[in-house]
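For reference, the structure discussed in these notes is given below.
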Amino acid sequence: MARTPKELKDLALAPVAVAVDENLRFLRTRTPEELGAALELVLDRATPDPSRETRLAQVLEAAIRDVDLHGWQATMSDDGSAVRIAGGSASLDISVGATVLHYVEDGAAAPAAS
């Protein structure tokens, strides 16, 4: 069943989601070791050895950088695996991807060998 917009800003959800996903795509293509430097480049500031909360905030800031949210709110999901866009008649979670999630949880450390 197709969902129809209930509010005017619902019409802007798709372009907002595409813009956020494009920003996340830049991060997804990096290794966990490269993500810290990529975030410093995108955000134009250095953050030495940040905490998990700081890394979450950095990923969110990079995800919505230069995006006109058209009244939508963007937050990180509790587990850090997605950017949640909400505020209209629907909400949408956009996955940050495994590499970005690993960076959020463990920082720039290389994953342990199995």
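For the list (1) assigned to a helix (DSSP H, G or I); (2) out of contact with any Ser or Thr (no Cβ under 7 Å at 6 or more places or on another chain); (3) touching a residue at least 12 places away in the same chain (Cβ under 8 Å), I need the number of the one condition that V18 fails.
If we test V18 against (1) assigned to a helix (DSSP H, G or I); (2) out of contact with any Ser or Thr (no Cβ under 7 Å at 6 or more places or on another chain); (3) touching a residue at least 12 places away in the same chain (Cβ under 8 Å), just (3) comes out false.
Kindly provide the set of residues from the stretch 69-94 that are aliphatic (A, V, I, L, M), assigned to a strand (DSSP E or B) and more than 8 Å from the chain's Cα centre (by Cα), ordered by number. Lay out the reasoning, then the answer.
Restricting attention to the stretch 69-94, the residues satisfying the condition of being aliphatic (A, V, I, L, M) are 69, 74, 76, 82-83, 85-86, 90, 92, 94.
Still in the list and also assigned to a strand (DSSP E or B): 74, 76, 82-83, 85-86, 92, 94.
Hits for the stretch 69-94 are A74, I85, A86, L92.
I'd like to check something: does the stretch 61-68 contain any residue that is within 13 Å of the chain's Cα centre (by Cα), modelled with pLDDT under 95 and closer than 21 Å to L41 by Cα?
no
Using the structure shown, decide if A37 is among the small types (G, A, S) and within 15 Å of E22 (Cα to Cα). Walk me through how you get there before you give the answer.
Numbers: among the small types (G, A, S): yes; within 15 Å of E22 (Cα to Cα): no.
Answer is no for this residue.
Which of the following residues is exposed (fewer than 13 other Cβ atoms within 10 Å of the Cβ) and either basic (K, R) or touching a helix residue (DSSP H, G or I) at 6+ places or on another chain (Cβ under 6 Å) (or both): A62, A46, A37? Spell out how you get there, then give the answer.
On the way: A62 fails: exposed (fewer than 13 other Cβ atoms within 10 Å of the Cβ); A37 fails: either basic (K, R) or touching a helix residue (DSSP H, G or I) at 6+ places or on another chain (Cβ under 6 Å) (or both).
Testing whether each residue is exposed (fewer than 13 other Cβ atoms within 10 Å of the Cβ) and either basic (K, R) or touching a helix residue (DSSP H, G or I) at 6+ places or on another chain (Cβ under 6 Å) (or both) leaves just A46.
So, in the stretch 1-17, exactly how many residues are loosely packed, with under 12 Cβ neighbours inside 10 Å and either at pLDDT 85 or above or small (G, A, S) (or both)?
Of the stretch 1-17, the ones loosely packed, with under 12 Cβ neighbours inside 10 Å are 1-4, 6, 8, 11, 14.
Filter again for either at pLDDT 85 or above or small (G, A, S) (or both), leaving 2, 11, 14.
Summing the residues that are loosely packed, with under 12 Cβ neighbours inside 10 Å and either at pLDDT 85 or above or small (G, A, S) (or both) in the stretch 1-17 gives 3.
Do the conditions hold for L8, that is, is it among the hydrophobic types (A, V, I, L, M, F, W, C), free of Cβ contacts under 8 Å to residues at least 40 places away in the same chain and over 25 Å from T99 (Cβ atoms)?
Values: among the hydrophobic types (A, V, I, L, M, F, W, C): yes; free of Cβ contacts under 8 Å to residues at least 40 places away in the same chain: yes; over 25 Å from T99 (Cβ atoms): yes.
The answer is yes for L8.
The values are calculated or read from the model by the stated rules, or taken from the named source; none is laboratory data. Please read these numbers as outputs of a predicted model, since none were measured by experiment. Every residue, glycine as well, gets a Cβ built from its backbone with ideal geometry; the counts of neighbours run over all protein chains shown.
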